[in-house]
1. Taking every DSSP beta bridge that has both residues in the range 2-76, what percent is antiparallel when rounded to the nearest 5?
2. What relative contact order, as a whole-number percentage, does the chain give when Cα pairs under 8 Å and 6 or more residues apart are counted?
3. Using a Förster distance of 25 angstrom, determine the FRET efficiency expected from the C-beta separation of Leu145 and Asp201, and round it to 0.05.
4. Please give the length that would be gained between Asp154 and His49 if that part of the chain were fully extended, namely 0.36 nm times their separation in residues minus their C-alpha to C-alpha distance (nm, one decimal).
5. Lys and Arg at +1, Asp and Glu at -1: add these up for the other residues within a Cβ distance under 14 Å of Trp183 and post the number.
6. Using bins 5 angstrom wide from zero, how does P(r) for the chain break down, in % of all Cα pairs?
7. Search the structure for amide H atoms under 5 Å from the amide H of Leu2, placed 1.01 Å from N in the peptide plane, and list their residues when 5 or more places away or on another chain.
8. Based on Cβ point charges of +1 for Lys and Arg and -1 for Asp and Glu, what charge dipole magnitude is obtained for the chain about its Cα centre, in debye rounded to the nearest 20?
Amino acid sequence: MLKLFYSPGACSLVPHIALEQAGADYEPVRVVLLQGEHLKPEYLAINPHARVPALVIDQGTITENIAILNYIADRFSAAGSVPRGDAYVTAKCNELLGWFASTVHITFALIWRASRFSDEENIHPLIQDYGRRILVAQFEEIEGLVGDGWLAGDHFSAADTYALTFFRWGRRIGMDMRDYPKWAALNQRLLAEPSVQRVVDIEEIGFELFQPAA
Ligand SMILES: N[C@@H](CCC(=O)N[C@@H](CS)C(=O)NCC(=O)O)C(=O)O
């Protein structure tokens, strides 16, 4: 059976929803980042980079969200991960995932993990402040990408659920998410999906931080 190592509300939410949407036979294994469980030897044996998500399959372990999501897409041929069947739509979804993982996610690291960018503690507030400023521009870009449907293709994909995850993180750092009404509406469409509801329940992360109120 597959095992997905996740932390509640972390970017592992994205493959968690993809597995649930695919109807996969998998075991969700909780690794609570706030309690430092990802730094313990047991978890470092699974992912030496000390990050979630990690997906353990029969052949070995897959880390890195984009690799995991493309594996889920190929293995299950189901919606909710990376669309298959139209090479352009597949590429557009991966394009968004690449930007999210390499840029927007890293902006949150500037805010939450400033020590990763400098060991001089006195400049950490500057790094965090810079992160907050560039995040506004990135969030505006996400808002501009959202239409009436989904971000890539005619069904929700990992691009949508990654954006859902960022929205919640925006609330966590106190951003006024009322500035992004189209994105909030995208969240509502996602939260109406039974697979998304099930994962919110499994991870026990509640619905309120997905709502726009500041
Ligand atoms: N490049 C990795 C990054 C994963 C990542 O940073 N995950 C976060 C949770 S959202 C994490 O495990 N953070 C632990 C830490 O920063 O110590 C990926 O895309 O999978």
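1. On the way: 7 of 12 bridges.
Bridges in the range 2-76 are about 60 percent antiparallel.
2. Working: 304 pairs, mean separation 46.1, N = 214.
Value for the chain: 22 percent.
3. Values: r = 28 Å, r/R0 = 1.13.
Step by step, r from the Cβ atoms, then E = 0.35.
4. Working: separation 105, 0.36 × 105 = 37.80 nm, distance 3.45 nm.
Fully extending the segment from Asp154 to His49 adds 34.3 nm.
5. On the way: positive: Arg168, Arg171, Arg178, Lys182, Arg189; negative: Glu140, Glu141, Glu143, Asp148, Asp160, Asp176, Asp179.
Taking every Cβ under 14 Å from that of Trp183, the sum is -2.
6. Cα pair-distance distribution for the chain, in percent: 1, 7, 15, 19, 21, 18, 11, 6, 2, 0, 0.
7. Residues meeting the criterion, in which the H sits 1.01 Å from N, are Glu27.
8. Details: 18 positive and 27 negative charges, 30 e Å.
I would put it at about 140 debye.
A short reminder: the numbers here are calculations on the coordinates, not readings from a lab. From a predicted model like this one, the values you see are computed outputs, not experimental measurements. Note that each Cβ is placed from the backbone with ideal geometry, even for glycine, and that neighbours are counted across all protein chains shown.
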